[in-house]
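Each reported figure results from applying straightforward, stated rules to the coordinates on display, with no laboratory input. These figures come from a predicted structure and were not determined experimentally. No Cβ is skipped: glycine too gets one built from the backbone with ideal geometry, and neighbour counts run over all protein chains shown.
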Amino acid sequence: MTKLQLKHDRKVILYAPTFRDYAMDTVSDQVIKTLDTLAQKYTVLVREHYFSNVDFPDTVVDVSNYPDVNELMIASDLLITDYSSILLDYALLHKPIFLYLYDWEQYAQYRGFYTSPIELKLPYEYDGKTLVDAIANVKSYDDSVLTQLVTKYQVDNNRY
């Protein structure tokens, strides 16, 4: 990750939201405020969907065009996502995952879900402040949920 010149004295958060065709060129003020707050203490990498065209503040590192998302996952200490399948790949690393479901109702109306993210039993928040608080208490993160998630989908995969 020397390409990104990350500081080794800060934990790295990867924020990787899913595609929102109803908001390709904007991001909610709540998300910007949350990322700005996190950036005071952490290095925040933002990986937008390649169809999106969102501008982020200088307080975060926009890695949307970084060629290898796997390197970003390995370099980060935790993931914030929402409805994105990136969480399944990230779970294999057994690093904390937090779901930020700030637009739950709108997303459900426009896109819907194959599986409700809440059913995955990962920690989730609808509000940026409670998400920031949850991340501040990451030492109490119950990673057994990651083991259960990985086991479930590996077992499901072996059926085919």
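Descriptive notes on the structure:
- Taking each of 121/152; 7/33; 3/129 in turn, the alpha-carbon distance tops 24 angstrom for 3/129.
- Across region 30-46, coupling constants 3J(HN,Hα) worked out from phi with the 6.51/-1.76/1.60 Karplus curve, θ = phi - 60°, read 4, 5, 4, 4, 4, 5, 4, 4, 5, 5, 5, 10, 10, 8, 10, 9, 10 Hz, and Gly and Pro carry x.
- Under 5 Å between amide hydrogens, built in the peptide plane, is the criterion, and for residue 15 it picks out 45, 46, 47, 80 among residues at least 5 positions away or on other chains.
- Cross-link reach list, aspartates and glutamates versus residue 41, counting only Cα pairs under 19 Å and skipping chain neighbours closer than eight places: 9, 58, 62, 77, 127, 133
- Residue-count net charge about residue 33 - beta-carbon cut-off 12 Å; Lys, Arg +1, Asp, Glu -1: -2
- Amide proton proximity set for residue 124, modelled H, under 5 Å, gap of 5+: 99
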